[in-house]
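Structure, as structure tokens:
The values are calculated or read from the model by the stated rules, or taken from the named source; none is laboratory data. Computed from a predicted model, the values in this text were never measured in an experiment. No Cβ is skipped: glycine too gets one built from the backbone with ideal geometry, and neighbour counts run over all protein chains shown.
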Amino acid sequence: MRWLALHLPMLSLEAFCATLRPDQACRPMVLLADHRVSHANHAAAERGVRPGIKRATAMALAADLLVAEADPARDAAALQAVVHAALAFTPAVTLHDTRTVLLDVHASLRLFGGAPALWRCVLAAIEPLGHAVHSAAAPTALGAALLARWRPDRRDGCDQRDRLAQPDRPDQPDRPAHPPPVTLPAHANDLQALQALLDQAPVWLLGPGREHWDALQGMALHTLADLRQLPRAGLARRFGEGLMLELDRARGLQPDPRVWAVLPDIFESRLELYARAENADQVLAGAAVLLARLVAWAQALHARVAAFTLCMQHEHHRSATVPATVLRVELAEPALDAEHLQLLLRERLARVELAAPTLELRLHCSHTVAGHAPNGELFPTRASAAEGLTRLLERLRARLGDTQVQRLVPVADHRPECASRAIPAQGGMALGPARMCASPDTAPLPLHRPAWLLPEPMPLPERDAQPWLEGRPLQLLSGPERIETGWWDEHPVARDYFIAQTEDGSLVWLFHARMPGEVGEVNWFLQGRFA
Amino acid sequence: MNGLPRSPEDLHPALWRAHQMARVSSSVLSSQFLELDAVLPGGGWPERVLTELLLPHAGVGELRLLAPVLAALQRQQRSVMWFDPPAAPCAWALGALGIDMRQLVLVHSRAALKGRARELLPAADVLWALEQALKSGHLGAVLAWLPARLPPDALRRLQLAAQAHDGPAFLLRDAQMRSRPSAAPLRLLLSSAGPDLLRVHLLKRRGPPLAQPITLALHPVLSAPVLALAHDQAQAKAQTRASVRHP
């Protein structure tokens, strides 16, 4: 067995930061639980705000402090996204505690080319979620979790309790901005190495040991080695069986059954914005967090997103409920590219007028297409051009509307109004009947139909038994071509079509109505122009 | 004197003298009209730049002029995009002109505008969509019917975007715009010269000005006997006019 542990020390603060406007993220901020500071970010810690102090004390230390309640549900949603990202690499993923995810990667090592390569892949998959990650690998689940929290590679004399209050330092090796080192940061390759490492670990790392911290301190028990040397029966009586069981599980002496995380079939995530979003950019900043989670989920499903729905809950406006705005974005070509999804959403948001400030965002996705995206091309080919065209059509449709980007389909009907139909353009290349034009070698046949058709036939005045257009008589050149059809549906026509020449020499197509229903004062109608 | 080049146009490929045709470095596409190719710099429609066609009204034969080059591009599996066509195109007529409907995309950007504003107001959407299409570089050709009023820098922006577009880009505008300055290096004024004939006046090209307009025979609408009849009638009319004037 080989376990990879991902510990997210700043999860609560990062999950809260996601709900803020980008300009607020650098302010000193604290999260409160039971009226006491539970988490403080780096800027707040520099002012002396520590976890455990009261709210009023913290406000006295830093007047511009951003204060919010800690929300376990918000943290859980953020951690869920990390679980989804991890599920892309192994089906055996489990939540250890509220900030640690464990992956059993034993069966995946070979596929991904060894532990360091797999570790880099996992970190790259988690990086878009924007969390600082401490990771460790060990032969036991609990051992990996303890190492990730303790981080023996970072023994700089800094106590873990101080570390909680402080954000990650820039010298931290697994920050996404830095190139990851080749070896795993804190790891034990075999059980002996793990046991040797754990012997040096401080006692408070064990869950129950933390509650008995003062008692253990009083007994001069600092490391797990000190604890292990004491008689087991006595320790179990004093501190409970749990402490011994945990110690054994971490050292690999007892089995450690786990419940695996299950990937939901439908993606649903919500984000309550701390600062209400007044414009599309602010909505998009929040939606970007949800889209990153969506991509993590789809990656675990080994599928691409075909459509998703963003639902915006609005603030009450003058004590009236504003209905939620629902944006559905459909992709012509399923994609797994967060940037592309964001681009589409940006175009859609630009068209929407927000009725009221947005308080909450929900992202829903149930429409996916299994399988990985086709490979990209180094040189431009026909396939890459078709894909590029599909993306262009998607962008145009996102901004202009689905019905505004069209393709033309010929319909077998003699009535000019019904002979072509415009359908929304979906993919890069439409399917349809083969080209109906003659080969270019043969002599061109005369055109029977004009290229431009007026949306409605335009009535023409008649003088001296001649139709007139724009104050000039039209000279009939060819015709009549009688079209009498449609008596079986609602638009019967009985017309004699002529080709006529205008004063400047251009050709128009007009008809003489023969049906009494179409005859009013005028008999002549302009139908189209030969372009 | 040995150090000097023999003629100024050897200095740089982009340099040409007013009585010469410009040497076009980028490729051109034959318009399939010999008379027109002879007067266009490089011998065809230029790629990667804008080409402006000015029309008195829609339907003087502009599609029959452009259909051969569009069909040639579509035979290379390259798509054609039309922005805001002035009327509903008839699929059968386009098919008869050789245009493949599967590789033609129509983009309507002015659905939001109503009434007369539709013709006059500069729609930001069409310029945006056109710029995206040109920048993407995945299209074979672009035809855009632009509104009359445009922001002054719009054509310049489009001209810059067209540098990424590997194909011809045609802007079709009203003939009243002929006196306005334009960033397009090639401008043509089209008008009808009779049934199935198109008169092309080169307003601007990279070369010496062309005083005489050229007349092109378009894909026929009328069959040969009808066409002959029309010519006879036109001549008869001209004669009666002349006799009325000089009795």
Of the listed residues (A:Glu470, A:Glu503, A:Glu490, A:Glu462), the one being out of contact with any Phe, Trp or Tyr (no Cβ under 6 Å at 6 or more places or on another chain), over 24 Å from B:Asp196 (Cβ atoms) and either charged (D, E, K, R) or more than 10 Å from chain B (Cβ to nearest Cβ) (or both) is A:Glu490
Residues satisfying the stated conditions in the range A:246-263, i.e. in contact (Cβ under 8 Å) with a residue 24 or more places away in the chain, within 24 Å of the chain's Cα centre (by Cα) and surrounded by fewer than 17 Cβ atoms within 10 Å (Cβ to Cβ): A:Leu263
Take the range A:488-510 and flag every residue that is part of a strand (DSSP E or B), more than 55 Å from the chain's Cα centre (by Cα) and buried (at least 19 other Cβ atoms within 10 Å of the Cβ). A:Arg495, A:Tyr497, A:Phe498, A:Ile499, A:Ala500, A:Gln501
Go over the candidates A:Gly240, A:Gly234, A:Gly218 one by one and state the one that is under 26 Å from A:His96 (Cβ atoms) and either at pLDDT below 85 or assigned by TED's automatic domain parsing to the domain that holds A:Ala137 (or both). A:Gly240
Output the number of the condition that A:Val508 fails; it satisfies all remaining conditions of (1) more than 11 Å from every other protein chain (Cβ to nearest Cβ); (2) under 29 Å from B:Leu198 (Cβ atoms). (1)
Quick one: A:Trp524 ticks every box in (1) surrounded by 21 or more Cβ atoms within 10 Å (Cβ to Cβ); (2) in contact with a helix residue (DSSP H, G or I) (Cβ under 9 Å, 6 or more places away or on another chain) except a single one, so which number is it? (2)
What strands (runs of 3 or more DSSP E) completely inside the range A:31-138 contain at least 1 residues that are closer than 22 Å to A:Arg149 by Cα and out of contact with any His (no Cβ under 6 Å at 6 or more places or on another chain)? A:36-40, A:93-97, A:100-104, A:134-138
For A:Pro480, are the conditions met, namely being without any contact (Cβ under 8 Å) to a residue 40 or more places away in the chain and over 23 Å from B:Leu198 (Cα atoms)? yes
If you go through the range B:216-227 one residue at a time, how many are under 18 Å from the mean Cα position of the chain (by Cα) and within 11 Å of another protein chain (Cβ to nearest Cβ)? 3
Condition check: more than 13 Å from chain A (Cβ to nearest Cβ) and in contact (Cβ under 8 Å) with a residue 60 or more places away in the chain. Does B:Pro185 satisfy that? yes
Just one listed residue, out of A:Arg395, A:Arg382, A:Arg351, is at pLDDT 80 or above and charged (D, E, K, R), and it is A:Arg395
Residue in the range B:60-88 that is nearest to the chain's Cα centre (by Cα), counting only those that are assigned to a helix (DSSP H, G or I) and among the small types (Gly, Ala, Ser): B:Ala67
What are the pairs, 6+ residues apart or on separate chains, where a residue within the range A:101-114 that is in the same structural domain as A:Gly143 (by TED's automatic domain parsing) has its Cβ under 7 Å from a residue that is basic (Lys, Arg)? A:Val105/A:Arg2; A:His106/A:Arg2; A:Leu109/A:Arg2
Residue, surrounded by the most Cβ atoms within 10 Å (Cβ to Cβ), within the range A:394-416, restricted to residues that are touching a residue at least 60 places away in the same chain (Cβ under 8 Å) and either under 23 Å from A:Val493 (Cα atoms) or facing chain B (nearest Cβ under 7 Å) (or both): A:Pro416
Candidates B:Arg157, B:Arg173, B:Arg199, B:Arg178 - the one that is away from chain A (no Cβ under 11 Å) and either within 19 Å of B:Gly42 (Cα to Cα) or without any contact (Cβ under 8 Å) to a residue 40 or more places away in the chain (or both): B:Arg157
Select from the range A:383-409 the residues that are under 16 Å from A:Glu339 (Cα atoms) and aliphatic (A, V, I, L, M) and write down the one among them that is nearest to the chain's Cα centre (by Cα). A:Ala398
Among (1) over 33 Å from the mean Cα position of the chain (by Cα); (2) surrounded by fewer than 19 Cβ atoms within 10 Å (Cβ to Cβ), there is one condition A:His42 misses while meeting the rest; what is its number? (1)
Restricting the range B:29-67 to residues that are away from chain A (no Cβ under 14 Å) and of a type in the set (Asp, Glu), the one farthest from B:Ala164 (Cα to Cα) turns out to be B:Glu35
Checking the condition in a helix (DSSP H, G or I) and either over 42 Å from the mean Cα position of the chain (by Cα) or surrounded by 15 or more Cβ atoms within 10 Å (Cβ to Cβ) (or both), which residue from A:Leu273, A:Leu243 passes? A:Leu243
